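The next block holds one structure in the form of structure tokens; read it before the comments.
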Amino acid sequence: MRKLTQRECTLIYMAVLLIVVYTGGFLLCIPAAGGYLEAKHEFRERCAEKEILDMKTGQTEVLKAKCEAQEEEFKNTPEIYKSEFLKTGIEKTVLSCMEQSGLMPVSTFITAGSENMEKNGENLEFKTGSIEVSAEGSKDGALKVLDCFRDSMVLKVASYTMYPKEEEEAVSVFIRLEYVMPGSAKELMELIEKES
Amino acid sequence: MVRLKMKRLNFIVAEKRKSNQEAARRRIKSVLLLLPLVLFFCLMQKYIYDTEKTAELYVKIGELDSYLESDEAVKKKEEQEKLQEKAALFARYRREKEEAAGRISENPVLESDFLEQIESAMEEGTAIVWEENSPIGYTDGILAFTVRTNQASEAMEYVERLKRKKLFAGVDYHGFERKEDLKTSESYYEFSVECEIGPYEEGGDGL
């Protein structure tokens with residue numbers, strides 16, 4: 001077997017070195033670079049999470065104050081709005097109007113229902129229904145009672161009938177009132193009660 | 001002699017050129033031999049740098065993880081989520097309340113003033129028929145009642161007077177009828193009036 005020339009030795013040496021360098025690069029450097037990029041990405045994600053948490057923590061006090069103010073406002077709203085007291089709330093409001101107008105209520109009848117409405121991608125829920133009330137009293141009272149419901153944000157007079165009673169001066173009134181109320185009131189009531 | 005000297009000089013020049021070429025070849029060979037080593041060294045440097053930085057980053061990630069998973073942070077997150085849910089519920093409630101109020105307010109509103117005005121528009125000899133079987137009634141935005149009068153022309157005039165008050169979206173009458181009082185034998189006229197509750201519109205009867 002002949003001896004390798006110096007030139008051949010050099011070429012073989014260079015080829016081996018190149019193979020070692022590129023194989024090493026492929027086996028060590030590329031996974032290391034990939035791992036570094038992965039770690040960098042993960043680190044950025046954690047930093048963003050921390051930033052969000054810190055930002056939210058900063059906003060917590062503002063949000064808390066806002067929620068407390070809204071809760072206080074909700075607690076002060078008339079019972080009529082709170083679904084839990086829906087029937088009693090409506091009846092109470094209507095009967096107090098009758099009393100204020102000097103009418104004597106004879107009977108009341110409530111029908112309740114609910115309906116949903118999709119608006120701006122949000123499902124809004126409403127408690128709806130009607131209350132029929134008949135009462136007796138003076139004609140003045142029968143007129144005055146209408147003003148009691150005039151500015152109501154919940155009730156509207158759907159039908160109204162006034163006719164004289166057998167005795168003079170006295171009148172009988174039959175009023176059917178319809179109501180539309182926010183359906184989430186009950187959920188809010190439960191949440192507030194649970195927290196307290 | 002000169003020829004010998006020239007021969008010798010040529011030989012020296014050729015030797016010098018040969019040695020220069022040899023040196024250049026050697027330099028190229030050593031550069032070529034060193035190049036893979038330099039490349040290898042650079043790649044190793046990069047590998048060490050990447051490995052060290054990755055380790056540093058994982059230490060930092062660990063610190064951040066322990067902060068994010070700490071009881072304090074979890075508590076903060078939960079509190080925040082609860083508050084957001086509550087705020088969303090309040091916002092929904094407000095929207096529902098506004099929507100409900102809007103639906104109520106878009107309907108016509110019967111006021112006591114309307115009932116007072118329909119009486120005040122009457123002349124002498126004209127009155128609302130005030131009996132159990134002909135009440136003053138209001139349904140679906142229409143206020144209806146029966147009027148009794150001694151004069152036939154009063155029906156049109158009464159409706160005109162009501163229109164001039166600009167209280168209703170529309171006023172109309174129908175069922176004009178001449179009747180006779182069986183007790184007194186006096187004749188009178190009866191007609192039904194319908195007033196549409198709503199904002200007054202110029203030139204429109206509304207009904």
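The values are calculated or read from the model by the stated rules, or taken from the named source; none is laboratory data. All values derive from a computational prediction rather than experimental measurement. Quick reminder, even Gly has a Cβ in these numbers, built from the backbone with ideal geometry, and neighbours come from all protein chains shown. Please note that ligands, DNA and RNA were not included when accessible areas were found on the heavy atoms of the full protein model with its side chains. Shrake-Rupley method; radii C 1.70, N 1.55, O 1.52, S 1.80 Å.
Diagonalise the Cα gyration tensor of segment B:11-164 and give the resulting equivalent ellipsoid semi-axes, square root of 5 times each eigenvalue, largest first, whole Å. It would help to have the intermediate numbers written out before the result.
Working: eigenvalues 2394, 162, 15 Å².
Semi-axes, largest first: 109, 28, 9 Å.
Please state, to two decimals, what the Cα-based radius of gyration of the protein assembly as shown comes to when divided by 2.2 N^0.38 Å (N = residues). Walk me through the numbers before you get to the answer.
Numbers: Rg = 48.3 Å, N = 403, 2.2 N^0.38 = 21.5 Å.
Computed over Cα atoms of the protein assembly as shown, the ratio equals 2.25.
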Open item on the list: What are the ³J(HN,Hα) couplings of segment B:155-166, residue after residue, when phi is run through the Karplus curve with 6.51, -1.76, 1.60 and θ = phi - 60°? Round to Hz, x for glycine and proline.
Closed with: 4, 5, 5, 5, 4, 5, 4, 5, 5, 5, 5, 6
Task: DSSP-loop GluC sites (Glu not before Pro) across segment A:85-169, with at most 11 other Cβ within 10 angstrom - done: A:166, A:167, A:168, A:169
Open item on the list: More than 20 angstrom separation, counting every C-alpha pair in segment B:1-86; what % is that?
Closed with: 72
Open item on the list: Distance cut-off 26 Å, Cα to Cα: go down the list A:165/B:163; A:66/B:97; A:66/A:119; A:119/B:166; A:75/A:194; A:56/A:119 and report the pairs above it.
Closed with: A:165/B:163; A:119/B:166; A:56/A:119
Open item on the list: Let me cross-check residue B:40: its accessible surface, 1.4 Å probe, with only protein heavy atoms counted, in Å² to the nearest 10?
Closed with: 80
Open item on the list: Every cysteine in the protein assembly as shown with no other Cys Cβ under 4.7 Å from its Cβ, please list them in numeric order.
Closed with: A:9, A:29, A:47, A:67, B:42, B:195
Open item on the list: Apply the Karplus curve 6.51 cos²θ - 1.76 cosθ + 1.60, θ = phi - 60°, to the phi angles in segment B:79-94 and return the couplings in whole Hz, x for Gly and Pro.
Closed with: 4, 4, 4, 4, 5, 5, 4, 5, 4, 5, 5, 5, 5, 5, 4, 5
- [ ] For helix A:86-101, report the angle its Cα long axis makes with the longest principal axis of the Cα atoms of chain A; keep it between 0 and 90° and round to the nearest 10°.
- [x] 40
Task: Kirkwood hydrodynamic radius over Cα pairs of segment A:112-186, then Stokes diffusion coefficient at 4 °C and 1.567 mPa s, in µm²/s - done: 91
- [ ] Mind jotting down the distance between the C-alpha centroids of segment A:119-133 and segment A:141-196, whole Å?
- [x] 16
Task: For chain A, built as a Gaussian network whose Cα springs stay under 10 Å, the top-fluctuating residue of A:22, A:160, A:36 - done: A:22
Task: Principal axis dimensions, largest first and in whole angstrom, of segment B:118-161 by Cα - done: 29, 22, 17
Open item on the list: Would segment B:129-206 count as rounded, prolate or oblate if I go by the C-alpha gyration tensor, calling it rounded below 1.5 in a/c and otherwise prolate when a/b exceeds b/c, oblate otherwise?
Closed with: oblate
TODO: Identify which of B:60, B:77, B:166 has the largest mean-square fluctuation in a Gaussian network model of chain B, with springs joining Cα atoms closer than 10 Å.
DONE: B:60
- [ ] Could you run the Karplus curve 6.51 cos²θ - 1.76 cosθ + 1.60 with θ = phi - 60° over segment B:130-135 and give me ³J(HN,Hα) per residue in whole Hz, x for Gly and Pro?
- [x] 10, 10, 5, 8, 9, x
Open item on the list: Which of B:150, B:107, B:20 ends up with the largest GNM mean-square fluctuation for chain B, with Cα atoms connected below 10 Å?
Closed with: B:20
